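**Q** Please read through the structure below; I'll follow up with questions.
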Amino acid sequence: MIIVYLTPKLGNEKLVLFSLIRSQDREQKKKKRKKGKEKTQQVPVSLLHANDDQPPPADQFPPPRLPTVVRRRCSMVSKSSSLNLVTSSPPLLSPLFSSPPSRINLTENIAIEGGNLSFSITTRQGKIVPILRDCSLRIPSGQFWMLLGPNGCGKSTLLKVLAGLLNTTTGAVYVKKPKCFVFQNPDYQVVMPTVEADVAFGLGKLNLTNDEVKSRVLEALSAVGMSSYLQRSVQTLSGGQKQRVAIAGALAEACKVLLLDELTTFLDENDQMGVIKAVRNSLRNSEDVTALWVTHRLEELEYADGAIYMEDGKVVMHGDVASIQSFIQTKQSDYIKRNYYS
Ligand SMILES: Nc1ncnc2c1ncn2[C@@H]1O[C@H](COP(=O)(O)OP(=O)(O)OP(=O)(O)O)[C@@H](O)[C@H]1O
């Protein structure tokens, strides 16, 4: 089906050939699965979860058959509060919680934490559709993390749950306050006529003097590299500059957590880099600011301190950038081999 989509001019012969390849593929998969069952004891937990066509139900996770060493690594991770959530090889991680935490642990220096989050919607026909399934994550304060995954896997929904814009069906959420959600489209957020007025917009509620407002606006604009744009009309800004103004607005409000939803989707490479650097810079200026950045772009991962990879409403991996990068690359090359060279 995917080949048909990518090359719509395929003739009937190629479609027949493709079905044959698919059925061969299915046979091979069956054999592999059979073999895989025999080898289960040597496979890391996250691979079991990520590659299984039918992952184990959440309440059986980690599965009882896991080797001791994997279970020990999972619990070490759940206790860690530093960047090095993955401290030893093999680095692949399972979701952090194997059973719902009775309460969120606030004693560690954690900025964002979610335990066994689920979110469903009910259709007009009364059908319940799960969007997030048992997602757990933990992000230390002062770090820049990225949230990746294929289209429709639930990234934006998870971000909205963390922002408090959506209520979970089950699970517990902790996010440091004040927290700010920056939208994918800056036109939803940059609404005042000038850059200065826009960045100062959220400060009205804080009872500050004019001087305090001015100094906060300048500081925030300088963090995103836009201090010289103070008096500019927002209509004359590029998409990337508008994104940076939106981030400056969040920084001016002294937000401790920035929840950033695919900010670089509509941007060219220059603006994309400008926005990423603005976020990094704002984190450098204040040790206490944490950012979670939703993206599709694998190349952006190199700017992150840690990452979360989602598929089909689940957190499949959570931890250091290098492991997640290689995990995604392996998945991509497997996909290409399976679909184009088998
Ligand atoms: N209000 C809703 N009603 C019906 N389905 C919804 C609703 N909100 C989200 N969904 C579905 O939930 C799934 C996850 O959506 P979400 O926008 O979180 O994914 P995403 O990973 O951010 O996708 P993308 O990368 O394409 O932006 C999608 O299949 C989407 O169609």
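**Q** What percent does the relative contact order of segment 219-342 come to when contacts are Cα pairs within less than 8 Å and at least six residues apart?
**A** Averaging sequence separation for qualifying contacts and normalising by length gives 21 percent for segment 219-342.
**Q** In Å and from the alpha-carbon atoms only, list the Rg and Dmax of segment 147-278.
**A** That works out to 15.3, 46 Å for Rg and Dmax.
**Q** Taking the Cα atoms of segment 234-342, report the difference between the largest and smallest coordinate on each principal axis, in whole Å and largest first.
**A** Here the spans come out as 53, 32, 23 Å, largest first.
**Q** Applying 1/(1 + (r/R0)^6) with R0 = 45 Å to the Cβ-Cβ distance of Ser333 and Lys205, what FRET efficiency is obtained, to the nearest 0.05?
**A** 0.35
**Q** Pulled fully out, how much extra length does the chain show between Ala197 and Glu299, if you take 0.36 nm times their separation in residues and subtract their Cα-Cα distance?
**A** Stretched fully, the Ala197-Glu299 segment lengthens by 33.3 nm.
**Q** Run a plain Debye calculation on segment 134-191 (Cα atoms as equal point scatterers, no solvent) and give log10 I(q)/I(0) at q = 0.21 Å⁻¹, rounded to two decimals, same order as the q list.
**A** So the normalised log intensities are -1.05.
**Q** In nm, give the distance between the simple-model label positions of Glu212 and Ser233, each being 7 Å from the Cα along the Cα-to-Cβ direction.
**A** 3.3 nm
**Q** Here's something else I'd like to know. Which links in Lys127/Lys160; Lys277/Lys331; Lys160/Lys256 stretch past 19 Å when you go from one Cα to the other? Kindly include the intermediate steps, with their values, before the conclusion.
**A** Values: Lys127/Lys160 22 Å; Lys277/Lys331 28 Å; Lys160/Lys256 16 Å.
With Cα atoms farther than 19 Å apart: Lys127/Lys160; Lys277/Lys331.
Readers should treat all values here as calculations from the given coordinates under stated rules, not as data from a laboratory. Being a predicted model, the structure only gives us computed values, none of them experimental. Every residue, glycine as well, gets a Cβ built from its backbone with ideal geometry; the counts of neighbours run over all protein chains shown.
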